[in-house]
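Novice: Got a structure here, written out as structure tokens. Questions coming.
The values are calculated or read from the model by the stated rules, or taken from the named source; none is laboratory data. If you're wondering where the values come from, they're calculated on a predicted model, not measured in any experiment. Cβ placement follows ideal geometry from the backbone for every residue including glycine, while neighbour counts extend to all protein chains displayed. Note: accessible area is taken over every heavy atom of the protein model, side chains too, but ligands, DNA and RNA are not part of it. Shrake-Rupley method; radii C 1.70, N 1.55, O 1.52, S 1.80 Å.
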Amino acid sequence: MLTGPLPLSELAVHPGIHGLAIGVFDGVHLGHQAVVNSLPASRAALTFEPHPLAVIAPDRVPPRLTTLEQKVAYMRAQGTVTVVAVKFDETLRNMTPAQFVDEIARVFPDLREVAIGEGWSFGKNRAGNADRLAALADKHGFGVNAIAPVMFEGAPVSSTRIREAIAQRNFDFAAKLLGRSYAVTGKVIRGDQRGRTLGFPTANLAEVEQLLPPRGVYACRARLAAHLTRYKAVMNLGARPTFTSNGIDALEVHLLDFDSDLYGQKLWVSDLHWLRNEQAFPDAIALKKQIEEDVARARAVMG
């Protein structure tokens, strides 16, 4: 279940929640999962939308790894009962640590334990830390557990390391930090039908909010958000230089062995494997031949 995003002061009371994980949780990576899984079964996760840096320092806000929809799905996979999204705005930014904890106690009256990453800070001017949270929580009768970072290859698992891996097309390394394959999601819109005329209809994705890898052609798997069946696919990310020179990137996905109407539906694309760089072809015939080779390679790569 998802609540929000709403201002913290407008959240309804959530009785019966004994454990609460608090954090941005972008990526829901192994470190985030350790925070969540430190709590009892009747637990919730409280996250923030948008990313706090979008309000505090917009020029430094990182590209996101997960949409809110994905956060909910990944948190639910960890056994989280409820995900509560708090709207991060100027009011929340200027809330004192004591005010923040008072609101947490109001929303979760049966709370027994809060889990955070040990470096997490909160409140106006980041005045709150794990020790301050523990002191304030004690007045409300719940404890605080600050979870140490999960280490991988000598460094903490972090969203920053995952972003760097994706930018380098190192999807296997990103998956090790995430505990699953990296996935992007978008809404299928009507395109110019060029793929269909070549014999390879594509789903054109819009409203993609997440970090994308560099331009190129990728083998991948794709599924509808509402279904579990995953299809082998070929993804093209780039400006389609054979047909256009406007420099605007498009994200297109050709699902193998699939022939249904996808317009208006959400598509999840995961298990990325780089095939080749984007390139211009002299004509449609040459492009079609290359796509045939891309599809054959994708079948082999995806097994």
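Novice: Summarise the accessible area of the chain (1.4 Å probe, protein heavy atoms) by the percent that is carbon and sulfur.
Specialist: Numbers: 7340 of 14220 Å².
C and S atoms contribute 52 percent here.
Novice: Along the Cα→Cβ direction, 7 angstrom out, place labels at His227 and Asp172. What is the inter-label distance in nm?
Specialist: A separation of 3.1 nm, rounded to one decimal place.
Novice: Quick check on the chain: helices-only [θ] at 222 nm, where DSSP H runs of length 4 and up contribute -39,500 (n - 2.57) each and the sum goes over total residues. Nearest 500, please. Spell out each step's value before the answer.
Specialist: Values: 10 runs with 88 residues, N = 303.
Roughly -8000 deg cm²/dmol at 222 nm, from the helical runs in the chain.
Novice: For the stretch 146-303, state what percent of all Cα-Cα pairs lands in each successive 10 Å bin, counting from 0 Å until the bin that includes the largest distance.
Specialist: Each 10 Å bin holds this share of Cα pairs: 10, 39, 34, 13, 4, 1.
Novice: On the principal axes of its Cα set, how long, how wide and how thick is the stretch 123-189? Give whole Å, largest value first.
Specialist: Projected onto the principal axes, the Cα atoms of the stretch 123-189 cover 49, 39, 23 Å.
Novice: Relative to the longest principal axis of the C-alpha atoms of the chain, give the angle of the C-alpha long axis of helix 68-77, reported between 0 and 90° and rounded to the nearest 10°.
Specialist: Roughly 70 degrees, rounded to the nearest 10.
Novice: Would you kindly compute the Cα radius of gyration of the stretch 71-230 and its largest Cα-Cα separation (Dmax), both in Å?
Specialist: Rg, Dmax (Cα atoms, Å): 20.9, 67.
Novice: Starting from the amide H of Val144, placed 1.01 Å from N in the peptide plane, find each other amide H under 5 Å away whose residue is 5 or more places distant or on another chain.
Specialist: Sorted by chain and number, the residues that satisfy this are Val114.
Novice: Still on this structure, I have one more. Taking the alpha-carbon set of the chain, what are its Rg and Dmax in Å?
Specialist: Cα only, the chain: 21.8, 72 Å (Rg, Dmax).
Novice: Which percent, nearest 5, of DSSP beta bridges in the chain are antiparallel? Intermediate values should be presented prior to the final figure.
Specialist: Details: 34 of 56 bridges.
DSSP beta bridges in the chain are roughly 60 percent antiparallel.
Novice: Any idea of the accessible area per residue across the stretch 1-42, 1.4 Å probe, to the nearest Å²? List each step's numbers first, then the result.
Specialist: On the way: 1500 Å² over 42 residues.
I get 36 Å² per residue for this part.
Novice: Quick one: putting +1 on the C-beta of Lys and Arg, -1 on the C-beta of Asp and Glu, what dipole do you get for the chain around its Cα centre, in Debye to the nearest 20?
Specialist: Working: 34 positive and 31 negative charges, 85 e Å.
Using Cβ point charges on Lys, Arg, Asp and Glu, the chain gives about 420 debye.
Novice: In debye, nearest 20: dipole of the stretch 215-303 around its Cα centre with unit charges on the Cβ of K, R (+) and D, E (-)? Intermediate values should be presented prior to the final figure.
Specialist: On the way: 12 positive and 11 negative charges, 52 e Å.
So the dipole magnitude of the stretch 215-303 works out to roughly 260 debye.
Novice: Give the angle, between 0 and 90 degrees and rounded to the nearest 10, that separates the Cα long axis of helix 97-107 from the longest principal axis of the Cα atoms of the chain.
Specialist: 80 degrees
Novice: So what are the three principal axis dimensions of the stretch 209-272 from its Cα atoms, in whole Å, longest to shortest?
Specialist: If we take the Cα atoms of the stretch 209-272, the spans are 36, 23, 21 Å.
Novice: A follow-up question, please. For the stretch 128-219, what is the accessible area per residue in Å² when the probe is 1.4 Å?
Specialist: Counting only protein heavy atoms, the per-residue value for the stretch 128-219 is 49 Å².
Novice: Continuing with the same structure: Amide H to amide H under 5 Å from Thr3: which residues, 5+ apart in sequence or cross-chain, H placed 1.01 Å off N in plane?
Specialist: Those qualifying (amide H under 5 Å, at least 5 residues apart or on another chain) are Val83, Val84, Ala85.
Novice: Another question, if that's okay. So for the stretch 94-150, Kirkwood radius off the Cα pairs, Stokes-Einstein at 20 °C and 1.002 mPa s: how many µm² s⁻¹? If you can, show how the numbers build up before the last one.
Specialist: Details: Rh = 11.4 Å.
My calculation gives 189 µm²/s for D.
Novice: Then there is this: Give me the three principal axis extents of the stretch 19-123 from the C-alpha atoms, as integers in angstrom, largest value leading.
Specialist: That works out to 38, 30, 23 Å along the principal axes.
Novice: Continuing with the same structure: Could you work out the local net charge near Asp249, counting Lys and Arg as +1, Asp and Glu as -1, over the other residues with Cβ closer than 11 Å to its Cβ? Each step should come with its number before you reach the end.
Specialist: Details: positive: Arg215, Arg240; negative: Glu252, Glu278.
Charge balance near Asp249 sits at 0.
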